[in-house]
Amino acid sequence: MLQIINLTKIYDGGVLALDKVSFEVPKGQFTAVIGLSGSGKSTLLRCINRLIDPTSGQILWDGTDITAASQDELRRIRRKIGMVFQHFNLVHRSSVITNVLGGRLGYVNPAWSLVNRFPKKDIEKAMQQMARVGIADKANYRADELSGGQQQRVGIARAMMQDPEIILADEPVASLDPVLAHSIMQYLEQINKEDGVTVLCSLHFLDLVHRYADRVVALNEGRLVFDGLPTEIDDIKFKEIYGQEAERVG
Amino acid sequence: MNASSNNSSGNQPQKSTKESAMVHSVRLGLGVLVVLVVYAYGFQVTQVSLKEINETRRQESFLRILRALAHPDILEYEREEFPVEVPFYMPCPQGGEPQTQPDTSGPYMIVTPACAEARSEITVEGFNFEPNASGPINFVPPSGVNLQLGNLQTDSEGHFTSTVTLPRRQPVAEAQTIRAITRRNVGMPHFTRTATDTWAKIIETVFLALLATTFGVFLSIPISFLAARNLMKDVTSPMAGVALTVLAWPIGIFIGLQAARLASLASQSLNQNALFGVAGLVVSPVAGWALARWALPQVELQPPTRSMRVFRLIALLGAALLGVLGLFLLSFYARQVGLALEEPLKAFGFLGTFVANLGEIVNALLTLLVALVSGAMLGSLGGRMGTWVTGHTPKTAVLGVNFILGASSGAVLMVALGAVVEWLYELGNPLYTMWGPAIAGALIGLVVVFRNRQKDSLPVGMTIYYVTRTILNTLRSIEAFIMAIIFVALLSTGPFAGVMALSLHTVAALAKLYSEQVESIMPGPLEAIRATGATRLQTIVYAVIPQIVPPYISFTMYRWDINVRMSTIIGFVGGGGIGFLLQQNINLLNYRAASVQMLAITVVVAVMDFISSQLRERVV
């Protein structure tokens, strides 16, 4: 269970990105985060694994306060939180398998991983994860030789290498075309349903939200403006979330 | 102007435009005037003048040098000499002018008059000589020395006429000799001494540049990370952490020095007996490796218990000591083996010397390295302790602790600085170099703690960043040429001083270029790797290094290029390489030889340029 309590983030320039956001994500739920660009979705997700340090508020994960964790504790927490990014964030010049093995860095001993030595078990695991998302034959390709959809699958395989209890997906399909978007979302759905991994996923398209999410939270200018089922978003709610000028497409 | 355009009066805008146009042209005129004055002063200061060019003396010497440069002294022929002699009386004998009938079948000379007083003019005419040949005309007294009177230059029929002045000699009764010599090239051309010397030096130059680049690259890679803003800005530490780091460093260095001495002593006593020595050489790395393997398990799912951590720490320290011992032994045997191999390897003896030198270098650097590593380790331990203390004590108590730690670390820093001042200026007064700085440092520490009492953490990373940048910028502004002068003083003249000077300059220049590449990498992979729970070092290895490999290679090549060019002149101050020959020949006015060296430099730089551009294209 992930509890977010009064989470506030003010950036150095004084921009209020999150304003006392509170909600809970029960274990195993697929939660979508929606909102306009700049509404604080990315900041929210990055506060959860402290890629961004929140200004105030708490994030409790199974009772542990992530915001108060020391560097060593944070490392142990982060390795249980997989993350998938809009721009995939693969290391382009490294091979696909090296990128996937990167997901184990929180587990392996730093001294050995510095000389690129991973346990045999991890390498086997990497092959399994790549096979699962259908890119096993690309293991020794350079990451930038892959298409966008394939790269995002590498990203998912990397997150799965962490044996995550939760996956944070920051606009995982925003850089992909609609057909590929569904295939990527299906992988996330599969991980959520079969492995019981909690998924917190920010999304742009409402149809994807309707199709995959169990629940929706919406942000507008850093404030939580909606928390409920996808089907509850009617036209009035929609305008509250996206502003009065917005129009529904799709 | 904008306001006037709205004015109802039609004249006004026009007038103002006119005015502004005038102001504009006046400004332009003044600007041109200022530029003119600046350049006029520039001409005066740099003494631009064509007066000297018009002097014939200048033109002649210019032409002479230019012609010499156009005839590089690369190839020469073996030469055959053809002397032709005619007897000559100086002064004239008693019986009047002697009559000699020259043999007209071969080359012959007629001297008019056939006898003369010393220092008088005579005319030498030659017939049937080698056509278009040149050579000296010598006067040969009975002693047999050649006194050159002048030169001959035959025409296409082998004839020449030359008027020369006789030397000032004691009168001699019998006949002396006038000898004309023509020379002819024989056989194939071969390289001159200058050419072979230049070849040897240009090889030295290229390798000088190679070594300097290699040394420089190794040092500048880690430094470039310290000078990269995007890596350093997240590095923060609470006050207590910073202070404890500062305090722990000198202790660490001291412990490291002691440990290195211990290992060195142990290796020396082991080396008393060859059997023990070799056994130690084999056993110490194996045992060290095994200990390290045990202390660093590949994967750890649960945090280890405290006692386990202590055991591991002890094991790691043991492994490190064993490793250092092994390296000391290795350096000893490298020297022994290398020196022993020098003789039997003959032409490849330099390989043996190389191994011996490596052993020497490892031996010399090991103590320093151990001290630094131990300082760094204890420093980081201090930082962790400080962070832990800050997190586990109430806020008011933290401030008290911070005051104590801040004052003592400030004092330690300033005392270290005082020691440097003492070393450089030899003041000999501990009030100025020890007690004074200690008190000042403590006060500064207190002020820093007081001013930062509200902050949770200090931007340590950015401080390191700025310090590194400043040092790099200062070093970079000192020309390698000037560094060479200092290294020549330390290492005596020769290419090694040049290597060290160029290396230092390379570090300063490359670290800056590299760090700018690090700053321009994509941040995405960085955050992705951080999100997996990777440590800072892992993030650098997995997210930073793969991104910077191509620009690093490209900059390294570029730097090698620069180093080749720099190494050609570093010999001017005794730094080895071809510059030494070039300077020598210029000073001796031997322009034909200097021309060879200039040619060699041009060829090498052009070839290097071509190779590096080819390699860059292929790799990047």
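Structure notes:
- Which listed residue, of B:T556, B:T535, B:T539, B:T493, is closer than 22 Å to B:N473 by Cα and either out of contact with any Asp or Glu (no Cβ under 7 Å at 6 or more places or on another chain) or more than 9 Å from chain A (Cβ to nearest Cβ) (or both): B:T556
- Failed item, numbered, when A:S42 is tested on (1) of a type in the set (S, T, N, Q); (2) loosely packed, with under 14 Cβ neighbours inside 10 Å; (3) within 14 Å of another protein chain (Cβ to nearest Cβ): (2)
- Members of the stretch B:506-546 that are surrounded by fewer than 24 Cβ atoms within 10 Å (Cβ to Cβ) and either in contact with a strand residue (DSSP E or B) (Cβ under 9 Å, 6 or more places away or on another chain) or not in a helix (DSSP H, G or I) (or both): B:S520, B:I521, B:M522, B:E527, B:G533, B:T535, B:Q538
- Applying the criterion of being touching a Leu at 6+ places or on another chain (Cβ under 9 Å) and within 14 Å of chain A (Cβ to nearest Cβ) to the residues of the stretch B:357-386, the residue that is surrounded by the most Cβ atoms within 10 Å (Cβ to Cβ) is B:G386.
- A:I52 being part of a helix (DSSP H, G or I), within 12 Å of chain B (Cβ to nearest Cβ), among the hydrophobic types (A, V, I, L, M, F, W, C) and without any contact (Cβ under 8 Å) to a residue 60 or more places away in the chain: no
- The lone criterion from (1) within 14 Å of chain A (Cβ to nearest Cβ); (2) surrounded by fewer than 16 Cβ atoms within 10 Å (Cβ to Cβ); (3) assigned to a helix (DSSP H, G or I); (4) not polar (S, T, N, Q) left unmet by B:D234 is number (3).
- Whichever residue in the stretch A:85-103 is surrounded by fewer than 22 Cβ atoms within 10 Å (Cβ to Cβ) and touching a residue at least 60 places away in the same chain (Cβ under 8 Å) and, among such residues, is nearest to the other protein chains (Cβ to nearest Cβ): A:H87
- If you filter the stretch B:164-185 down to residues that are more than 14 Å from B:F139 (Cβ to Cβ) and polar (S, T, N, Q), you find that the one that is modelled with the highest pLDDT is B:T182.
- A:T64 being away from every other protein chain (no Cβ under 11 Å) and among the β-branched types (V, I, T): yes
- Complete set of residues in the stretch B:563-579 that are part of a helix (DSSP H, G or I) and surrounded by 24 or more Cβ atoms within 10 Å (Cβ to Cβ): B:N563, B:V564, B:M566, B:S567, B:I570, B:G571, B:G579
- Restricting the stretch B:196-218 to residues that are of a type in the set (A, V, I, L, M) and buried (at least 17 other Cβ atoms within 10 Å of the Cβ), the residue that is nearest to B:I601 (Cα to Cα): B:I202
- Residue in the stretch A:162-197 that is farthest from the chain's Cα centre (by Cα), counting only those that are in a loop (DSSP other than H, G, I, E, B) and under 23 Å from A:R248 (Cα atoms): A:D177
- Residues in the stretch A:109-129 that are over 14 Å from A:Q162 (Cβ atoms), away from chain B (no Cβ under 11 Å) and crowded, with 17+ Cβ neighbours inside 10 Å: none.
- Test result for A:E171, within 14 Å of chain B (Cβ to nearest Cβ) and within 29 Å of A:G38 (Cβ to Cβ): yes
- Residue in the stretch B:215-233 that is of a type in the set (V, I, T), in contact (Cβ under 8 Å) with a residue 12 or more places away in the chain and closer than 20 Å to B:I464 by Cβ present: yes
- Odd one out for A:L200 among (1) touching a strand residue (DSSP E or B) at 6+ places or on another chain (Cβ under 7 Å); (2) closer than 20 Å to A:L2 by Cα; (3) in a loop (DSSP other than H, G, I, E, B): (3)
- Candidate set: the stretch A:68-79, residues that are under 19 Å from the mean Cα position of the chain (by Cα) and either aliphatic (A, V, I, L, M) or surrounded by fewer than 17 Cβ atoms within 10 Å (Cβ to Cβ) (or both); chosen: the one farthest from B:R536 (Cα to Cα): A:I77
- For B:A263: the one exception among (1) surrounded by fewer than 23 Cβ atoms within 10 Å (Cβ to Cβ); (2) among the small types (G, A, S); (3) in contact with a helix residue (DSSP H, G or I) (Cβ under 9 Å, 6 or more places away or on another chain): (1)
- Screening the candidates A:G134, A:G106, A:G148 for the property of being in contact (Cβ under 8 Å) with a residue 40 or more places away in the chain and more than 11 Å from every other protein chain (Cβ to nearest Cβ) yields one hit, A:G148.
- Filtered residue count, the stretch B:43-66, keeping only those that are surrounded by 10 or more Cβ atoms within 10 Å (Cβ to Cβ) and within 29 Å of B:R592 (Cβ to Cβ): 11
- A:A218 being within 14 Å of chain B (Cβ to nearest Cβ) and either over 16 Å from A:Q86 (Cα atoms) or out of contact with any Phe, Trp or Tyr (no Cβ under 9 Å at 6 or more places or on another chain) (or both): no
- One residue stands out in the stretch B:298-315 among those that are surrounded by 15 or more Cβ atoms within 10 Å (Cβ to Cβ) and either out of contact with any Leu (no Cβ under 7 Å at 6 or more places or on another chain) or under 23 Å from B:N357 (Cα atoms) (or both): the one that is nearest to the other protein chains (Cβ to nearest Cβ), namely B:Q298.
- Filtered residues of the stretch B:140-149 (kept if part of a loop (DSSP other than H, G, I, E, B) and either without any contact (Cβ under 8 Å) to a residue 24 or more places away in the chain or touching a strand residue (DSSP E or B) at 6+ places or on another chain (Cβ under 6 Å) (or both)): B:P141, B:S143, B:G144, B:V145, B:N146
- Any hit, the stretch A:70-81, residues being at the interface with chain B (Cβ under 9 Å from one of its Cβ atoms), hydroxyl-bearing (S, T, Y) and not in a strand (DSSP E or B): yes
A quick yes/no check of all residues on (1) among the hydrophobic types (A, V, I, L, M, F, W, C); (2) modelled with pLDDT under 85:
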{"site": "B:V412", "(1), (2)": "yes, no"}
{"site": "B:V415", "(1), (2)": "yes, no"}
{"site": "B:V421", "(1), (2)": "yes, no"}
{"site": "B:P430", "(1), (2)": "no, yes"}
{"site": "B:T433", "(1), (2)": "no, yes"}
{"site": "B:G445", "(1), (2)": "no, no"}
{"site": "B:V449", "(1), (2)": "yes, no"}
{"site": "B:R453", "(1), (2)": "no, yes"}
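- Hits in the stretch A:26-45 - residues which are among the hydrophobic types (A, V, I, L, M, F, W, C) and under 20 Å from A:K237 (Cβ atoms): A:F30, A:A32, A:V33, A:I34, A:L36, A:L44
The values are calculated or read from the model by the stated rules, or taken from the named source; none is laboratory data. Just so it is clear, the structure is predicted and the values come from calculations on it, not from any experiment. When we count neighbours, we look across all protein chains shown, and the Cβ atoms used for this are built from the backbone with ideal geometry, even at glycine.
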